[in-house]
1. Output the number of residues of region A:67-92 satisfying the condition of being in contact (Cβ under 8 Å) with a residue 60 or more places away in the chain and among the aromatic types (Phe, Trp, Tyr).
2. Which residue pairs have Cβ atoms closer than 6 Å, lie 6 or more positions apart in sequence or on different chains, and pair a first residue in region A:28-45 that is within 11 Å of another protein chain (Cβ to nearest Cβ) with a second residue that is buried (at least 17 other Cβ atoms within 10 Å of the Cβ) and of a type in the set (Asp, Glu)?
3. Can you pull out every residue in region A:66-115 that is within 14 Å of another protein chain (Cβ to nearest Cβ), aliphatic (A, V, I, L, M) and in a loop (DSSP other than H, G, I, E, B)?
4. Quick one: count up the residues across region B:93-104 that are touching a Phe, Trp or Tyr at 6+ places or on another chain (Cβ under 7 Å) and not aliphatic (A, V, I, L, M).
5. Scan region B:49-76 for residues that are in a strand (DSSP E or B) and within 14 Å of another protein chain (Cβ to nearest Cβ) and report the count.
6. Can you tell me which residue among B:88, B:27 is surrounded by 15 or more Cβ atoms within 10 Å (Cβ to Cβ), away from chain A (no Cβ under 14 Å) and of a type outside the set (Val, Ile, Thr)?
7. Just checking, does region B:91-98 include any residue being part of a strand (DSSP E or B), more than 14 Å from the chain's Cα centre (by Cα) and under 23 Å from residue A:94 (Cα atoms)?
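The values are calculated or read from the model by the stated rules, or taken from the named source; none is laboratory data. What you see is a predicted model, and the numbers here were worked out from it, not measured in a lab. Don't worry about glycine lacking a Cβ; one is built from the backbone with ideal geometry, like all the others, and counts go over all protein chains shown.
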Amino acid sequence: AQSVTQLDSQVPVFEEAPVELRCNYSSSVSVYLFWYVQYPNQGLQLLLKYLSGSTLVKGINGFEAEFNKSQTSFHLRKPSVHISDTAEYFCAVKAQDYNTDKLIFGTGTRLQVFP
Amino acid sequence: GAVVSQHPSRVICKSGTSVKIECRSLDFQATTMFWYRQFPKQSLMLMATSNEGSKATYEQGVEKDKFLINHASLTLSTLTVTSAHPEDSSFYICSAATGYEAFFGQGTRLTVV
């Protein structure tokens, strides 16, 4: 089974400052990793994903994440945030197993960007 | 990217009535569709997984008779909340999977009064 831990429930930050949202996972098999963003009263939008290859993954809106297998982490970063980045961010994992398509989500991190 | 359309976006219904929510993959065929429920300021809770032409697989604790799922085609799945009560009020999100990725609908805000 897989599990995802997002240690920070809320991250306040000023506009144009850098930000890191932390994600750690647990799994007995190899996994695919995802970050999603959710704006109020909307569904989830994929920010980026790690399937294989380079451990540094670049996504939309200037976000990037680095897969660290030894630390079982997939932290999300942005060098300079905007007010419009205020949203809920979810880390998710999926087992590399053709028998399941389930995504396991973390509890989410609320990013609040202040002017 | 692929588009998943969920309808309606908001619905208010009276206690005891049933509500149907549709989830369509517009430009791809989804091998699997998922239904989630999200409580305020919480993560997504998987309710059930459905594959076209077969019965849905419900997560533990989810009432099959209350949350009816029909997956009629590779592009359409529906969730019917039967005999809705105020405690069923929530944000429901569908997801359609193809290959490695899952794509999400816009969500449906259900309010039962």
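1. Summing the residues that are in contact (Cβ under 8 Å) with a residue 60 or more places away in the chain and among the aromatic types (Phe, Trp, Tyr) in region A:67-92 gives 2.
2. Between residues of region A:28-45 that are within 11 Å of another protein chain (Cβ to nearest Cβ) and residues that are buried (at least 17 other Cβ atoms within 10 Å of the Cβ) and of a type in the set (Asp, Glu), the close pairs are A:38/A:88.
3. A:103
4. Number of matching residues: 4.
5. Within region B:49-76, residues that are in a strand (DSSP E or B) and within 14 Å of another protein chain (Cβ to nearest Cβ) number 6.
6. It is B:88.
7. Yes; the residues of region B:91-98 include at least one that is part of a strand (DSSP E or B), more than 14 Å from the chain's Cα centre (by Cα) and under 23 Å from residue A:94 (Cα atoms).
Here is a yes/no grid of residues against (1) more than 24 Å from residue A:87 (Cβ to Cβ); (2) of a type in the set (S, T, N, Q); (3) touching a residue at least 12 places away in the same chain (Cβ under 8 Å); (4) surrounded by fewer than 20 Cβ atoms within 10 Å (Cβ to Cβ):
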site: B:17; (1), (2), (3), (4): yes, yes, yes, yes
site: B:23; (1), (2), (3), (4): no, no, yes, no
site: B:65; (1), (2), (3), (4): yes, no, yes, yes
site: B:71; (1), (2), (3), (4): yes, no, yes, no
site: B:76; (1), (2), (3), (4): yes, no, yes, yes
site: B:103; (1), (2), (3), (4): no, no, yes, no
